Amino acid sequence: MFGHQIRLFRLAGFDVMLDLSWVFIALLVSWTLATGYFPEIYPGLDPLTYWSMGIVGAAGLFLSIILHELSHSLVARRFDIPITGITLFIFGGVAHMAKEPPTARSEFLMAIAGPIASLVLSGFFYLTASAALAAGLGDTVAGVAGYLALINLIVAVFNMVPAFPLDGGRVYRAWLWGRLGDLNEATRRASAAGQTFGLILIALGVVSLFSGNVIGGLWWGLIGLFLHTASRASYAQLQAHVLLEAEPVSRLMTKNPVTAPAGISLRELVDKYVYGSFHETFPVMEGERLVGSIGVSDLRGTDSADRERKKVRDAMHPLSAMNTVAPGENAETALQRMREGGHSRLMVVEEGRLLGIVALRDIMRLMELKQNLG
């Protein structure tokens with residue numbers, strides 16, 4: 001979902017990350033507030049004042065989204081649900097859960113925490129705007145506070161739409177889960193609602209485009225497309241969990257894989273190993289010791305001179321937690337590690353000994369077989 005991310009700070013034990021797409025929305029919000037919203041609501045102020053209000057308003061929205069996601073994260077921590085961080089991106093923010101909530105109750109409480117936080121923020125900014133007016137601080141302070149009261153109310157209401165993975169969709173899934181006792185079926189229904197709502201937003205965007213509202217139409221269409229895609233992806237992720245959580249890596253791995261010595265040249269690796277076996281990844285050995293891995297993708301961009309001069313050890317990925325997995329860990333863990341590390345194959349290692357290689361295509365094939373067999 002995300003591209004390059006920047007770590008901003010750590011809040012209450014959670015890393016707050018900024019996806020570069022957020023820069024676009026921050027600029028857009030500042031520009032919209034400074035040239036449209038505030039001049040229309042509070043006419044007669046100078047441009048610098050409008051831009052100051054727009055920038056402060058965007059910063060307030062930034063803070064509000066962080067607090068919204070932080071509320072999810074704090075409740076998740078209460079139920080021992082690992083949260084790997086909070087990311088701000090073009091469509092808002094997301095708290096990254098490392099696993100699904102253990103019960104319908106924990107799902108409900110974690111989901112509802114975000115809209116409640118937004119409602120509390122809305123009330124706080126409304127009172128701030130009222131106090132600013134009563135104190136005679138003028139339209140600038142009251143205007144920004146009033147905007148933040150309104151936008152937090154909109155965030156709370158929009159997020160309570162029962163469309164997964166919005167907060168309201170998670171509340172809906174929690175209700176279905178508690179009633180049906182089946183997380184998979186509850187997720188399927190909530191995901192279907194999310195996909196339907198996404199299509200409605202896309203249709204609204206198309207209507208807006210034809211009515212002349214180009215920016216609004218594009219925005220509704222993008223939000224609808226994102227929600228539709230996220231709903232499908234969330235259900236697919238749960239299916240992967242259900243299908244793979246009980247499958248140990250040792251069942252899927254290829255035993256006795258072809259290994260490459262660390263001291264040979266890249267040219268020899270290509271000629272004798274890549275073309276000799278048609279494998280794509282090779283564990284690298286320094287004598288009897290496993291030291292890393294190297295793949296065909298690591299050779300792209302190297303010219304003939306590099307391949308003659310460089311050794312395998314110069315281009316390999318050193319042995320680490322990102323390119324290895326234990327035989328007793330489940331296939332879901334291996335799949336997640338592949339996503340995080342950008343590898344399509346992992347070495348299966350136990351106490352420093354190489355036991356085999358597990359490939360992404362084997363995991364996907366297992367999922368396909370299990371789905372076909374019900």
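Please specify each residue of the stretch 181-199 satisfying the condition of being among the hydrophobic types (A, V, I, L, M, F, W, C) and crowded, with 16+ Cβ neighbours inside 10 Å.
The first filter runs over the stretch 181-199 and keeps only residues among the hydrophobic types (A, V, I, L, M, F, W, C), leaving 183, 186, 190, 192-193, 197, 199.
Hits for the stretch 181-199 are L183, A186, A190, A193, F197.
Checking G276, G292 one by one, the residue that is modelled with pLDDT of 85 or more and either touching a Gly at 6+ places or on another chain (Cβ under 7 Å) or assigned to a helix (DSSP H, G or I) (or both) is G276 and no other. Taking the condition surrounded by 17 or more Cβ atoms within 10 Å (Cβ to Cβ), at pLDDT below 85 and out of contact with any Pro (no Cβ under 6 Å at 6 or more places or on another chain), does F89 pass? Here the answer is yes, as F89 does meet what is asked.
Is there a residue being open to solvent by 60 Å² or more (accessible area, probe 1.4 Å) and either modelled with pLDDT of 90 or more or aliphatic (A, V, I, L, M) (or both) anywhere in the stretch 240-248? Give the derivation first.
So in the stretch 240-248, the residues open to solvent by 60 Å² or more (accessible area, probe 1.4 Å) come out as 242, 245-246.
Applying the additional criterion that residues be either modelled with pLDDT of 90 or more or aliphatic (A, V, I, L, M) (or both) yields 242, 246.
Within the stretch 240-248 (the criterion being open to solvent by 60 Å² or more (accessible area, probe 1.4 Å) and either modelled with pLDDT of 90 or more or aliphatic (A, V, I, L, M) (or both)), the answer is yes, since at least one residue qualifies.
For the subset of the stretch 203-221 comprising residues that are modelled with pLDDT under 85 and not in a loop (DSSP other than H, G, I, E, B), which member is surrounded by the most Cβ atoms within 10 Å (Cβ to Cβ)? Ranking the qualifying residues of the stretch 203-221, first place goes to G217.
Scanning the stretch 105-114 for residues that are more than 15 Å from S73 (Cβ to Cβ) and surrounded by 15 or more Cβ atoms within 10 Å (Cβ to Cβ) turns up just one, F108.
Would you pick out the residues in the stretch 156-180 that are outside any helix (DSSP H, G or I), over 16 Å from L119 (Cβ atoms) and open to solvent by 10 Å² or more (accessible area, probe 1.4 Å)? Before you say what the answer is, go through the steps one by one.
Keep residues of the stretch 156-180 that are outside any helix (DSSP H, G or I), which gives 160-166.
If we keep only those that are over 16 Å from L119 (Cβ atoms) too, we end up with 162-165.
Once the filter is applied, which keeps residues that are outside any helix (DSSP H, G or I), over 16 Å from L119 (Cβ atoms) and open to solvent by 10 Å² or more (accessible area, probe 1.4 Å), the stretch 156-180 yields P162, P165.
Yes or no: F282 modelled with pLDDT of 90 or more and closer than 28 Å to L369 by Cβ? Yes: the conditions hold for F282.
Within the stretch 260-273, the set of residues being buried (at least 19 other Cβ atoms within 10 Å of the Cβ) and either touching a residue at least 60 places away in the same chain (Cβ under 8 Å) or over 14 Å from E286 (Cα atoms) (or both) comprises L266, L269, Y273. Selection within the stretch 223-239: residues that are open to solvent by 70 Å² or more (accessible area, probe 1.4 Å) and not basic (K, R). The member of this set that is nearest to L355 (Cα to Cα) is Q237. Among the residues making up the stretch 290-306, those that are open to solvent by 70 Å² or more (accessible area, probe 1.4 Å) and among the charged types (D, E, K, R) are R300, D303. Can you find even one residue in the stretch 136-155 that is open to solvent by 50 Å² or more (accessible area, probe 1.4 Å) and over 22 Å from A59 (Cβ atoms)? Looking through the stretch 136-155, at least one residue is open to solvent by 50 Å² or more (accessible area, probe 1.4 Å) and over 22 Å from A59 (Cβ atoms). For the stretch 115-135, the candidate set comprises residues that are modelled with pLDDT of 90 or more and open to solvent by 70 Å² or more (accessible area, probe 1.4 Å); within that set, the residue that is nearest to E69 (Cα to Cα) is I116. Whenever a residue of the stretch 37-64 is within 20 Å of A149 (Cβ to Cβ), its partners that are part of a helix (DSSP H, G or I) and among the charged types (D, E, K, R), lying with C-beta atoms within less than 8 angstrom and at least six residues away or across chains, give the pairs Y42/D139; L45/D139.
Across the stretch 54-86, the number of residues qualifying as at pLDDT below 85 and among the polar types (S, T, N, Q) comes to 1. When R189, R179 are screened for being within 21 Å of A111 (Cβ to Cβ), charged (D, E, K, R) and touching a helix residue (DSSP H, G or I) at 6+ places or on another chain (Cβ under 6 Å), only R189 passes.
The values are calculated or read from the model by the stated rules, or taken from the named source; none is laboratory data. Predicted model, so just to flag it, every value in this text is computed and none were measured. Every residue, glycine as well, gets a Cβ built from its backbone with ideal geometry; the counts of neighbours run over all protein chains shown. For the accessible areas, the whole protein counts, side chains as well, though only heavy atoms, and no ligand, DNA or RNA atoms are used. Shrake-Rupley method; radii C 1.70, N 1.55, O 1.52, S 1.80 Å.
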